[in-house]
Structures are given as structure tokens and as C-alpha cells.
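Q: Here it is, the structure in full.
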Amino acid sequence: MARKKQYTEDEVIEKAMHLFWRNGYETTSTRMLEKEMGINQFSIYASFGSKQGVFVESLRCYQAKLNLIVNKLKATENGVEGIKQYFYDFIEFSKENEQARGCLLANTATELGAHADSLIIDEIRNFTNGLRNLFHEKLSVDGSKSEEKLSRQANFLMVAMTGLALTSKVYEKQYLEDFIESTFESV
């Protein structure tokens, strides 16, 4: 008879997500995951297949949390101002217990680069492409921009968002707010 799991997968994945967010993918060992998640290596592999499986599920958990501010952007009818508010909301989201961690997706892309596993890259690209498309949609609200300009500005905002995500780990709030204000002067 199979033993019943003594843990909830969602709860242990959230713990793993925080560990990866703090330490990165490469630095996080299976032993560290065991300790943080409170389950043994056998349970990790039985539930998630591998460290990579835990990480992909952690990225999905992170995205679900980030969707709280993405959904706020989706609901706004304020176009560019809604996107700008998303940038400000992200600064608050990226801190936990006043510890700036940036963005798990941007951190991962920077850490692993183009050589990351395709499952990890696909997870990041799917989310960022969706966000880029949402920026495009919100930029089109005023109706005055050509499709080419909308596309360029959506791409620009994605690069700016990545820069904000990475620098939010280092710079103080005033620098980040100045960056946001300057970014939106050109949109």
C-alpha cells in the first residue's frame, strides 16, 4: 500500500520558490531543497522528477503570484499610465521582508542565459511574451500610434522592465522611481 504524502505540493513548491529566488538555480542544491521544503530527496523526485522539475514548478508559482499585479494591469483602462503603475507595483512586489530580490524570471534569465534548459527558457518566454503583448494592448488604447510604433514601444518597455527587475535588487527606491519616470517620458 502506497504511503500518503505528509506534505502539500503547493506549500513545498512555494518554499522552494523562495529558496531559488534568494539563491538562484545553480547555487541551490538538492540538500538545500530538502531542508527548505521539509521533505526528503526521494519525495522531491517522486513528486517533481528532478531539481529542474521543482524549479519549473517554482517558476509557475512565482508567475501566479506576479499575476496579481499583471491582472491589475489587465483590468485597467488607463493605457500608458496603467503600464507605469505596473512598474511601480513591481518594485513593491519584488521586495519581501524589505529584502529586494528583483524578479525570479529575470534573475534566472541572467544566471542561466541562452544555455538554460529549454523547459526553463520556454517558461520564461511564455510569461514575458504575454506581458509584452499586454503592454502592446495597453499602449494601443489612445489609438494614435502605428502598429510599428506600438511594437517598438512594447519591446522597449519589456527591456526597461527587465532592467528594472534586475536593478531593483541593488538600487534604492528613489533611483528606481527616477528610472520609471524617465522611461515613461519617452513613451
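The values are calculated or read from the model by the stated rules, or taken from the named source; none is laboratory data. Being a predicted model, the structure only gives us computed values, none of them experimental. When we count neighbours, we look across all protein chains shown, and the Cβ atoms used for this are built from the backbone with ideal geometry, even at glycine. In case anyone asks, the SASA skips ligands and DNA or RNA and just uses the protein heavy atoms, side chains included. Shrake-Rupley method; radii C 1.70, N 1.55, O 1.52, S 1.80 Å.
Q: On the accessible surface of the chain, probed at 1.4 Å, how many percent belong to carbon and sulfur atoms?
A: With neighbouring chains kept in place, the figure for the chain is 49 percent.
Q: Using Cα-Cα distances under 8 Å and only pairs 6 or more residues apart, what relative contact order does the chain have, in percent?
A: That works out to 22 percent.
Q: While we're here: Please work out the Cα center distance from region 3-76 to region 118-175, rounded to the nearest Å.
A: When both Cα centres are located, 25 Å separates them.
Q: A further question on this structure: Could you sort K74, K84, K65 by their accessible area in this structure, using a 1.4 Å probe and putting the largest first?
A: K74, K65, K84
Q: Continuing with this model, one more query. Report, in order of residue number, the helices in the chain meeting two criteria: a C-alpha extent of 24 Å or more along the helix axis, and a mean Kyte-Doolittle hydropathy of at least -0.5; treat each whole DSSP H run as one helix.
A: Helices meeting the span and hydropathy rule in the chain are 51-75, 118-139, 147-167.
Q: At 222 nm, what helix-only mean residue ellipticity would the chain give, in deg cm²/dmol to the nearest 500, using -39500 (n - 2.57) for each DSSP H run of four or more?
A: -23500 deg cm²/dmol
Q: Lys and Arg at +1, Asp and Glu at -1: add these up for the other residues within a Cβ distance under 13 Å of A154 and post the number.
A: +2
Q: Taking the inverse of the average 1/r across all pairs of different Cα atoms in region 132-187, what Kirkwood radius in Å do you get?
A: In region 132-187 this quantity evaluates to 12.0 Å.
Q: Could you work out the Rg to Rh ratio of region 1-110, with Rh taken as the Kirkwood radius (inverse of the mean 1/r over all Cα pairs)?
A: 1.07
Q: What net charge is computed for the residues neighbouring N126, neighbours being all others with C-beta under 12 Å from the C-beta of N126, Lys and Arg scored +1, Asp and Glu -1?
A: Once positives and negatives cancel, what remains is +1.
Q: Beyond 23 Å, what share of the Cα-Cα pairs of the chain remains, rounded to the nearest whole percent?
A: 47 percent
Q: Give me the tail of P(r) for region 86-187 as a percent: Cα-Cα pairs with distance above 23 Å.
A: The calculated P(r) of region 86-187 puts 32 percent of pairs beyond 23 Å.
Q: With Cβ to Cβ distances under 11 Å as the rule, what net charge do the other residues near K74 carry (K, R +1; D, E -1)?
A: So the surrounding residues net to 0.
Q: Straight-line reach from K35: which aspartates and glutamates have a Cα under 19 Å away, not including same-chain ones fewer than 8 places off?
A: Within the straight-line cut-off, K35 pairs with E9, D10, E11, E14, E26, E57.
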